[in-house]
Amino acid sequence: MSVSDSVSSSGLALFAENMRKVYHTRGKPSVEALRGLSLSVKRGERVALLGRNGAGKTTFLKIASTLLMPTSGRIEIFSKDVSVHPEEVRPYIAVVPQEGHPFYHLTPWEQVYTYLLTRGFSRETARERTEVALRDMDIYDIRDQLNVTLSGGQQQRTMVATVLATEAPLLFLDEPTLGMDPFARRRVWAALRKLTDRGSTLLLTTHYLDEAESLSHKVYIIEKGKVVAQGTSSDLKRSVGGTVRVTIPMDSAKSEDFASFGRIMTGEGVIHVITEPPQINEILNTALRRGLSATVGPVTLEEAFLQLVGRAIEDEH
Ligand SMILES: Nc1ncnc2c1ncn2[C@@H]1O[C@H](COP(=O)(O)OP(=O)(O)OP(=O)(O)O)[C@@H](O)[C@H]1O
Ligand SMILES: [Mg+2]
């Protein structure tokens, strides 16, 4: 199904087509941050936007969350045109901005609670949800401490708790786990899964590719304001040759013995054969017959990302 076909389906939380954004700064050359970006997010999906620094992820999230007007293109949230009716879209969304900070003069409890009140929740619902969100983010013990006294990771957890507590139908999270320890990140993943189980939809960005892999149903890779690859993590790995990597210590000049088993990548004093599980046995046997050792491991989304973005950079030149 193409993106254009899917516009007629009511199953979409977000639909964006041919988005362009040019930033104009007086006395400076203009910057084309989005160059025809199209993507769609189905209801209930967790989707990750990946891309190098400056690829255009935050620009897109700002446009989608009504904070910035696009130069051109069409963007709809739950079938409402974001550029034409931003006020109709806002009640459906909540945003964790990139490198945002909680209000320093409030405590985590006050921050979450007052935000829920401003969004129109009753005091009782706001109180209940605040308690749950603070526990989910493991900041309940520090709920009455001023935000200014919290560590960086604790402040970020407060930001995430504030937004998760809204249970908004569509959540935008721009690097939500930045600066969090591995335990805290997993807390966020669990909370995000719980939200989508209850019907919310998520669009997030992250530079932690293990996070994108563990969390998202679908990934979009963006490079210079355009989508260069999309699909599940497995789709993206397959597109670069396979989901497993067999590493053999040998001279790359003699690697042709293994070329028929998959894609060969050379490392320092080793070759990697990128392949699929059914090929593993034969590769190991071939290595053993030559008196070579071999180790098998999964291809990571990070490797696929490096390959796919690397190809896009080459194509551009
Ligand atoms: N307000 C602005 N004025 C001018 N240029 C801008 C502005 N905001 C962003 N840009 C430029 O637009 C491009 C895309 O930036 P954006 O913040 O969307 O990238 P990103 O993918 O979120 O990167 P990161 O991973 O570093 O957060 C960059 O070249 C950036 O310098
Ligand atoms: Mg950004």
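Quick note: the coordinates plus some simple rules give every number you see, no bench work behind them. Computed from a predicted model, the values in this text were never measured in an experiment. No Cβ is skipped: glycine too gets one built from the backbone with ideal geometry, and neighbour counts run over all protein chains shown.
Remark: the residue 92-residue 18 segment gains 24.4 nm on full extension, using 0.36 nm per residue and subtracting the alpha carbon distance. Distant-in-sequence amide contacts of residue 71, defined by a placed amide H-H separation under 5 Å and a gap of 5 or more residues or a different chain, comprise 20, 21, 22.
For region 236-296, the set of GluC sites (Glu not before Pro) satisfying both a DSSP loop assignment and a count of at most 12 other C-beta atoms within 10 Å is given as 268. The angle separating the long axis of helix 182-197 from the principal Cα axis of greatest extent in the chain is about 70 degrees. Between amide H atoms placed 1.01 Å from N, distances below 5 Å from residue 229 occur with 221, all of them 5 or more places distant or on a separate chain.
Remark: for residue pairs 80/224; 28/218; 224/254; 194/226, the C-alpha separation exceeds 29 Å in 28/218; 224/254; 194/226.
Assuming charge only on the beta carbon of Lys and Arg (+1) and of Asp and Glu (-1), the dipole of the chain about its Cα centre is about 440 debye to the nearest 20. Evaluated with a Cβ-only charge set (Lys, Arg +1; Asp, Glu -1), region 119-244 carries a dipole of roughly 280 debye about its Cα centre, given to the nearest 20. In a fully extended conformation the segment linking residue 80 and residue 114 would gain 9.5 nm over its present Cα-Cα distance, using 0.36 nm per residue. Springs join every pair of Cα atoms under 10 Å in this Gaussian network model of the chain, and among 298, 29, 86 the largest mean-square fluctuation is at 29. Shown in residue order for region 44-53 are the 3J(HN,Hα) couplings computed by the Karplus curve 6.51 cos²θ - 1.76 cosθ + 1.60 at θ = phi - 60°: x, 7, 10, 10, 10, 9, 10, x, 5, 4 Hz (x for Gly and Pro). The angle separating the long axis of helix 152-164 from the principal Cα axis of greatest extent in the chain is about 70 degrees.
Length gain on complete extension for the stretch residue 71 to residue 288, per 0.36 nm per residue less the alpha carbon to alpha carbon distance?
Difference between extended and current length: 72.2 nm.
Taking a ≥ b ≥ c as the square roots of the eigenvalues of the Cα gyration tensor, region 9-70 is prolate, since a/c reaches 1.5 or more and a/b is larger than b/c. Take the Cα radius of gyration of region 3-236 and divide it by 2.2 N^0.38 Å, N being the number of residues; the result is 1.00. Spacing of the modelled spin labels on residue 268 and residue 123, each 7 Å from Cα toward Cβ, amounts to 6.4 nm. Label sites at residue 183 and residue 302, each approximated as a point 7 angstrom past Cα along Cα to Cβ, lie 2.3 nm apart. Across 269, 27, 231, mean-square fluctuation computed from a Gaussian network of the chain (C-alpha pairs under 10 Å connected) peaks at 27. When the helices of the chain are scored as -39500 (n - 2.57) per DSSP H run of n ≥ 4 and the total is divided over every residue, the value at 222 nm lands at -10000 deg cm²/dmol.
If you run the Gaussian network model on the chain, springs between alpha carbon atoms under 10 Å, then out of 44, 225, 120 the most flexible one is 120.
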